[in-house]
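Student: One structure is given below, represented as C-alpha cells, and several questions about it will come after.
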Amino acid sequence: MRSTGTDQPVVVLKPGNAGGAKGLTGLSGRDESTSNGRNSCRKQGRAWGSHRRDGSTRKGRNPCWMWHPPSFPNCSFGKKRLGQKSRMKRELPVRFREGLGVKFPRATRRNIYVQSEAAGQRVMVSVCRFLETRLKLRVNRQKSAVARVEERKFLGHCLLSGGRLGIAPKSLERAKNRVRAITRRNRGVNLERMVKELNSFLCGWVTYFRHAAMKSRLVELDGWVRRKLRCVRLKQCKRVKSLVDFFIRQGVSLRQAWCTALSGKGWWRKSGTPVANQAMPSIWWDSLGLINLVSRFVSLQAV
C-alpha cells in the first residue's frame with residue numbers, strides 16, 4: 001500500500017553486498033608467492049616458470065608450487081578485465097562468477113508505504129524473511145528502518161506535507177560541502193575559474209532536484225554562495241591598501257572603504273558587511289557569469 005500523507009510510516013529496505021560469495025578469494029591468478037617467485041627469477045636472470053621447489057632449474061617446466069587457473073570458455077584471469085568491472089580484490093568472487101554467466105542483483109533501495117507503524121513492523125519482518133530465505137540476499141539492518149515519511153530520504157529527496165516532493169537535508173548539506181571545497185580561500189586559483197567550476201556543479205545539481213519544492217532553500221543558497229565568493233575576492237586583495245582601492249573602484253566612498261578595510265573583522269565577517277554587498281552586488285556576479293539558482297529553477301519548472 002502507498003500513501004502520500006505525512007503521518008504514515010515508511011519501511012526502508014537497503015540490501016547489503018549482493019551475492020555474498022565466499023571461498024573464491026584464492027582465484028586471483030596472482031598471489032604473494034607467485035609474485036615473489038617471479039621477482040626472484042628476474043633477479044637471478046632465469047625465465048619465469050623454470051624455478052622449482054628444490055632449487056633446481058628446468059627450462060620449459062612450470063614450478064610445482066605455482067597455482068594455475070582453470071580454463072573456462074567465458075572467463076579470463078590476469079590483466080584482462082571482465083566487462084570493465086573493478087579489479088578490486090574484494091570484488092573478485094563476483095567478477096569470477098560473472099565471467100561464468102552468473103547474474104548478480106545490484107544493491108538497490110526500496111520504500112514501502114503503509115498505513116500504521118504496526119503494519120510497517122509486520123511488513124518489515126516478512127519482507128526481510130523473504131529476501132534472506134528465498135532470494136538468499138542480505139539486508140542491511142543498520143540502514144533499514146520503519147519511520148515516518150518525513151524522516152526518511154530516497155535518492156536525495158523527501159516527502160513533505162500533502163505528498164509534495166522536497167529535498168533531503170543531507171543532500172543540501174552535501175551540496176554545501178562541495179561548494180566549500182570549490183571556494184576554498186587557499187586554492188590559489190583566480191575568481192573566473194572558481195565561478196566556472198561552481199556553474200558546472202550547481203547547474204547539474206539544480207537540474208537533478210528540479211521536481212522538488214525548494215525555491216526558498218535556493219534563495220538562501222544563492223546568497224550563501226555569493227558571500228563565499230565575496231570572501232574569496234576580499235582575501236585576494238591581501239593588503240589594506242589593495243582592499244581600499246578595490247572598494248573605491250567598485251563605487252564605495254573613501255571613508256567607508258577605509259573603515260571596513262581597517263576593521264579587525266575576519267574575511268568572512270567582512271564579506272557580510274554592507275560595504276562588501278555594495279561593492280559586489282548580484283548584478284556584478286551576473287556579469288562574471290555566475291549561475292542564479294532561482295532563475296535556473298524557475299526556467300526548469302516552465303519546461
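Student: Calculated FRET efficiency, V125 and S200, Cβ-Cβ r, R0 51 Å, to nearest 0.05?
Tutor: Once the sixth-power term is evaluated, E becomes 0.65.
Student: Let me ask something additional. Quick one: grab the alpha carbon gyration tensor of segment 166-302, order the square roots of its eigenvalues as a ≥ b ≥ c, and give me rounded if a/c is under 1.5, else prolate or oblate depending on whether a/b is larger than b/c.
Tutor: Details: a/c = 2.26, a/b = 2.01, b/c = 1.12.
The shape class here is prolate.
Student: Apply 1/(1 + (r/R0)^6) to the Cβ-Cβ distance of R134 and S161, taking R0 = 51 Å, and write down the FRET efficiency to the nearest 0.05.
Tutor: E between R134 and S161, to the nearest 0.05, is 0.85.
Student: Now for a separate question. Once the piece of chain linking K265 and V298 is laid out straight, how much longer is it, given 0.36 nm per residue of separation minus the C-alpha distance between them?
Tutor: This chain segment gains 8.2 nm when fully extended.
Student: In nm, give the distance between the simple-model label positions of E117 and F154, each being 7 Å from the Cα along the Cα-to-Cβ direction.
Tutor: Label at E117, label at F154, 2.1 nm between them.
Read-outs: derived from the displayed coordinates by stated rules, not from any lab. Quick caveat: nothing in here was measured; it's all calculated off a predicted structure. Note that each Cβ is placed from the backbone with ideal geometry, even for glycine, and that neighbours are counted across all protein chains shown.
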